[in-house]
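Read-outs: derived from the displayed coordinates by stated rules, not from any lab. Nothing here was measured: the structure is a model prediction, and the numbers come from that model. Here the Cβ positions follow ideal geometry from the backbone for every residue, glycine too, while neighbour counts run over all protein chains shown.
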Amino acid sequence: MSMFRICIVGLFVICLFNSCSKDSDLNNTCSISGYDACAIKAPAAEIQAVKDYLAANSLTALEHCSGVSYIIDAPGSGATANPCSNVTVKYEGKLTNGTIFDSNNTGVSFLLGQLIKGWVAGIPLIKPGGSIRLFIPPSLGYGSSAYGSIPGNSILIFRVDLVAVQ
């Protein structure tokens, strides 16, 4: 084999091994450098649908720059979560018709950045010991696709108690 071919094969092998290097999630590192909680915003029509629901139910909520509406029932204290945080939560999720589609009252832990965008935007608004109600437009939840018992284009309503942030 000529020296040129050996160099080309060697370069190919090096590139192949570099492309197989571990992903940042696999080696347990996370970076929030450049993270912008307002970079993703729900469409105006979805935000209006959430506002209509809140008005129809006599609820006064604040609006996050993403379009998530929220009511902080207790602010909590301590560390603030970010997308790289492991959070332990108790929660209840329901649809606007009152149907509960999921809940956990014992506490479950997640990497915040791997959850729906509405949670990534809303959970950092409280601290451990805090409680929040999130009113999530469809595009910041499960979007237009059905997800289990959740119909596509559903506004999601969550009561979340933040137990811990690591």
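Numbers for the structure displayed
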| read-out | value |
| --- | --- |
| Proximal lysines to Lys117, defined as alpha-carbon separation beneath 16 angstrom and excluding residues fewer than eight positions away on the same chain | Lys41 |
| Proximal lysines to Lys127, defined as alpha-carbon separation beneath 16 angstrom and excluding residues fewer than eight positions away on the same chain | Lys90 |
| Label-reachable residues, segment 145-163, where backbone N falls under 13 Å from a point 7 Å from Thr96's Cα toward its Cβ | 151-157 |
| Paramagnetic label zone (point 7 Å from Cα along Cα-to-C-beta, Phe110; backbone N under 15 Å) in segment 141-156 | 141-143, 147-150, 156 |
| Least to most buried among Thr106, Thr80 (fewest other Cβ within 10 Å first) | Thr106, Thr80 |
